[in-house]
Amino acid sequence: MRRLGTTRRTSRTVTVGLCAAALAAALAAPAQAWQAPARQAQGRGPQPHWVLKDSGTDVRFRGLSAVGRDTAWVAGSKGTVLRTTDGGAHWRNVSPPGAAELELRDVEAFDARRAVVLAIGEGEASRVLRTDDGGATWTESFRNTDARAFYDCVTFFDRRHGLAMSDPVDGRFRILSTADGGRSWTVLPSAGMPPALEGEAGFAAGGQCLVASGPRDVWLATGGAARARVLHSADRGLTWTAADSPVPAGDPARGVFALAFRDRTHGLAVGGDYRADQPSPRSAAVTRDAGRGWAPAAQPPPAYRSGVTWLPHSRSAALAVGPTGTDLTTDGGRTWRTVDAGSYDTVDCAPDRGCWASGEKGRVARLEG
């Protein structure tokens with residue numbers, strides 16, 4: 001895996017209360033409508049915009065899980081986990097005891113009490129922990145003992161079945177599987193995994209390098225090699241196929257950083273070059289055939305993006321985020337326009353239209369409007 005911000009490897013609080021009609025109207029409005037003064041001056045109804053919530057800390061939150069408009073979890077550096085159940089008005093520090101040295105890069109929450117977090121790093125730094133009581137107590141359910149492995153992301157198909165992925169070991173990406181909600185994990189056989197390309201790895205940038213949709217489909221994003229690829233499994237990680245993406249790679253800092261699928265067929269990929277002084281052309285791609293083929297966005301985001309999510313109950317609208325801003329698509333990923341200049345690393349939406357974003361310096365925001 002690539003751990004952003006290290007020398008060796010590269011790797012929300014805001015509220016939405018939109019009814020379906022209001023959301024459709026908001027998405028049809030121009031980018032300027034994301035600014036409250038503009039929409040007020042134009043006499044329009046509420047339009048969606050990020051509203052920062054005070055997390056009370058300055059750690060970087062690359063892990064995020066939106067349970068709903070009121071409840072969200074964030075996970076980040078210094079082993080920090082925060083949870084809100086009141087729309088971000090208050091955050092409770094529910095960090096695992098003794099985890100201050102861990103880099104938590106992914107969190108998957110099932111509700112306000114049950115969640116799984118992934119710590120990244122080489123060897124035993126890669127761990128999985130689970131809570132069943134809102135973070136009052138944590139149980140370590142997996143600790144990596146293979147010095148060659150480096151875990152990047154975790155995802156769940158449902159409350160019981162999930163996967164975690166590591167950078168290649170013995171030339172193939174390694175997959176962990178759970179069938180009990182993350183209480184125990186098993187390394188899956190590697191026979192069904194295509195060989196990795198030279199230098200190929202995942203990015204632990206925002207918890208979206210491994211994503212699932214439906215009961216069995218899962219996708220894995222890569223970079224660092226000559227080509228950035230997306231791998232797909234239709235049997236919960238037992239067998240995989242690989243497809244090239246048009247997102248540029250060819251460098252350890254470039255590739256596909258995040259994926260989002262609104263169903264098993266329609267998906268989005270975003271990425272680029274995470275270095276601030278490097279351009280990121282062709283930073284987004286779209287698939288309409290479950291990832292067998294990817295087409296570049298006709299008008300991609302203007303810079304590197306590390307997080308992406310479909311807006312709930314929409315067949316064509318999605319958000320992408322990165323250090324230089326938030327972009328909106330209303331045509332299924334073909335074209336993107338920047339709607340906010342704030343820095344975020346990841347973004348996630350819940351079925352009740354509660355959308356959250358999180359990132360550096362303790363930034364968490366909820367979509368309101």
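The values are calculated or read from the model by the stated rules, or taken from the named source; none is laboratory data. Everything numeric in this text was worked out from a predicted model, so none of it was measured. Here Cβ is always computed from backbone atoms with ideal geometry, including for glycine, and neighbour counts include all displayed protein chains.
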Taking A243 as the residue in question, decide whether it is modelled with pLDDT of 95 or more, under 26 Å from R113 (Cβ atoms) and not β-branched (V, I, T). no
From the list R292, R264, pick out the single residue that is assigned to a loop (DSSP other than H, G, I, E, B) and within 19 Å of the chain's Cα centre (by Cα). R264
Would you pick out the residues in the stretch 281-302 that are surrounded by fewer than 24 Cβ atoms within 10 Å (Cβ to Cβ) and farther than 28 Å from D235 by Cβ? P281, R282, P296, A298, Q299, P302
Those residues of the stretch 164-208 which are among the acidic types (D, E) and under 21 Å from V107 (Cβ atoms) amount to D167, D180
Which residue out of D263, D327 is crowded, with 24+ Cβ neighbours inside 10 Å and either touching a His at 6+ places or on another chain (Cβ under 6 Å) or not small (G, A, S) (or both)? D327
Scan the stretch 130-152 and give yes if some residue there is crowded, with 24+ Cβ neighbours inside 10 Å, aliphatic (A, V, I, L, M) and in contact with a strand residue (DSSP E or B) (Cβ under 9 Å, 6 or more places away or on another chain), otherwise no. no
Out of the residues in the stretch 217-229 that are under 19 Å from the mean Cα position of the chain (by Cα) and under 12 Å from L197 (Cα atoms), which is surrounded by the fewest Cβ atoms within 10 Å (Cβ to Cβ)? R229
Residue check, G255 small (G, A, S), assigned to a loop (DSSP other than H, G, I, E, B), closer than 28 Å to G199 by Cα and touching a Gly at 6+ places or on another chain (Cβ under 7 Å): no
R305 - would you say it is surrounded by 24 or more Cβ atoms within 10 Å (Cβ to Cβ) and either of a type in the set (K, R) or more than 18 Å from the chain's Cα centre (by Cα) (or both)? yes
